[in-house]
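Just below is one structure, and these are the notes that go with it.
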Amino acid sequence: MNTNREPLFDDEYTGDVPTKRLLAYLQSQRTKDVKIVGVYCTYAPVEIIRAMGHVPAVLCAFSNTPIEKAEAVLPGNLCSLIKSSYGYIITDTCPFFGLSDAVVAETTCDGKKKMFELIRSHKPMHVMDLPQIPDEPEALDNWTNMIGKLIRFLEMQFGKAADKERIEAAIRESNMKIGLMNRVFDYLALKPSIVGWQELYDLFFVAQGMSGKEMLPVFEDIFRKLDARLSDGYAYRPETWPRVMVTGCPIAGDAAKVFKIIEEAGGCGRCPGLMHGNETIHARV
């Protein structure tokens, strides 16, 4: 089994936590006077944000560290994801929140709604009311109204409009990025696999912030490297190692220790999806 391979990313952040690569990208956008819009959930329509010339940033909820501070305000039995998110904000330790010029929130649960009430004074915020029973005939109309309200909020906040053509272009670009990521998953499905979970983790993270057009040269370089691995007989782990799908929200930060435990036990960990907005995609494992 050939274990030599060229890393998918070969920059100053290789081997470091992937958040630093995404953070560097967002900081570079700020120097161009691009607005950063923080999002928490996969329901946030990031295509609207991009169509208006802004960049979405997924906000922090990846660590247990700030939870103790959050429990001074929030009930201890509240979801750890919410307590982590809130703790990052009140301790001013989430750089993505600090970079954000506005925040798009969603009524996914009562705990989230309470958190949004508490942090509303920190950043300009727009809360989208999700349809609670999506199969009802009025659900589509209600969600369409929510999209329209978000557009008006962003227009008022930043003075930029989004017409139908730009929105459709942003959707097409998102679909292109999804298609390219699915090509990566085709390599992931090979036996033995030629892609490691940490590499996927790195790729997912930077793809959250960058547009499809910006990611295109990144993907081209990655496909070149993956084809080289395939032709050289590279294997990330032996074919006999069992594959374990790990799913949840979020599959990042402290949760990454699960993958390490799986591999220490002789397994090969796989995360089915880590992208946000309408760009959430799933792997064949």
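The values are calculated or read from the model by the stated rules, or taken from the named source; none is laboratory data. Owing to the predicted nature of the structure, the values given are computational and were not obtained by experimental measurement. Virtual Cβ from ideal backbone geometry, glycine too; neighbours counted across all protein chains shown. Ligands, DNA and RNA are stripped out before the accessible areas are found, and what is left, the full protein with its side chains, is counted by its heavy atoms. Shrake-Rupley method; radii C 1.70, N 1.55, O 1.52, S 1.80 Å.
Between the beta carbons of D92 and A228, assuming R0 = 41 Å, the FRET efficiency works out to 0.40 to the nearest 0.05. What does the helix-only formula give at 222 nm for the chain: each DSSP H stretch with n ≥ 4 adding -39500 (n - 2.57), the total divided by the residues, and the result rounded to the nearest 500 deg cm²/dmol? My calculation for the chain gives -15000 deg cm²/dmol from helical runs alone. Taking the three principal axes of the alpha carbon atoms in segment 155-204, the coordinate ranges are 51, 20, 7 Å, sorted in descending order. Potential lengthening of the chain between K149 and V17 amounts to 43.9 nm, from the contour at 0.36 nm per residue minus the alpha-carbon distance.
Accessible area per residue for the chain is 48 Å², calculated with a 1.4 Å probe on protein heavy atoms, without ligands, DNA or RNA. Descending by average beta-carbon neighbour count within 10 Å, the peptides 130-142, 17-29 line up as 17-29, 130-142, the highest first. On segment 44-107, 52 percent of the accessible area sits on carbon and sulfur atoms, based on a 1.4 Å probe. With the highest mean first, a sort of the peptides 198-205, 52-59, 147-154 on other beta-carbon atoms found within 10 angstrom per residue produces 52-59, 198-205, 147-154. Taking every alpha-carbon pair under 8 Å whose residues sit at least 6 apart, the chain reaches a relative contact order of 25 percent.
Ordered by solvent-accessible area of protein heavy atoms (1.4 Å probe), largest first, the residues C79, C41 come out as C79, C41. Put E263, E12 in order of accessible area, highest first, and with a 1.4 Å probe you get E12, E263.
Take the Cβ atoms of L130 and R30, set R0 to 22 Å, and the FRET efficiency comes out at 0.15.
The modelled label-to-label distance for the pair D186/T240, using points 7 Å beyond Cα in the direction of Cβ, is 3.1 nm. At an R0 of 30 angstrom, the distance between the Cβ atoms of E264 and R120 translates into a FRET efficiency of 0.10.
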